[in-house]
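Shown next, in structure tokens, is the structure this report addresses.
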Amino acid sequence: ATFGNATELIVAICALNRGLLAVVQTSLLGSILSNTLLVLGCACLAGGVVTPAPRFNTVAAISNAALLQIAVLGLLLPTIMHYAKDDMDFMQPLSHGISIGLLLLYLLYIYFQLFTHHFLFEAPLEGDKSLQDQEPEEDEEDEEDEVL
């Protein structure tokens with residue numbers, strides 16, 4: 001769901017244009033909490049019921065975890081600077097820079113996922129093993145040597 005939160009983004013932009021910063025902040029916090037706790041928890045529960053030992057796409061998991069860490073750092077940095085400094089003149093340019101950087105990173109990730117490395121994110125066909133799940137095959141000569 002690449003553009004799953006497009007509605008929230010549109011509402012946030014409209015609210016910011018009207019000066020409703022508190023509404024945007026609480027809306028984003030609620031969205032983060034609901035996506036993290038409710039959706040992820042239900043997905044893990046349903047996946048565990050259906051498949052006791054689920055398999056995950058390693059590339060997708062690593063790239064999503066890296067993006068999550070960068071986003072958390074992007075949210076923490078202005079918060080830490082807010083409590084560490086008395087002079088707040090630099091806070092708005094810092095927040096704008098971080099938000100533009102996160103937006104560019106997100107767009108690059110979409111380009112990476114959809115165009116340059118789309119084959120890494122595709123689900124393998126039923127019966128096929130992905131390259132990551134394949135076990136090395138033994139040569140026939142090795143098997144004959146073991147028998148002799």
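The values are calculated or read from the model by the stated rules, or taken from the named source; none is laboratory data. Predicted model, so just to flag it, every value in this text is computed and none were measured. Only protein heavy atoms, including side chains, enter the accessible area calculation; ligands, DNA and RNA are left aside. Shrake-Rupley method; radii C 1.70, N 1.55, O 1.52, S 1.80 Å.
In this structure, the amide hydrogen of Leu20, modeled 1.01 Å from its nitrogen in the peptide plane, lies closer than 5 angstrom to no residue at least 5 positions away or on a different chain. Here the range 1-128 exposes an accessible surface that is 71 percent carbon and sulfur, computed with a 1.4 Å probe and the other protein chains kept in place.
For the pair Leu67 and Ser27, the difference between a 0.36 nm per residue extended length and the Cα-Cα distance amounts to 12.3 nm.
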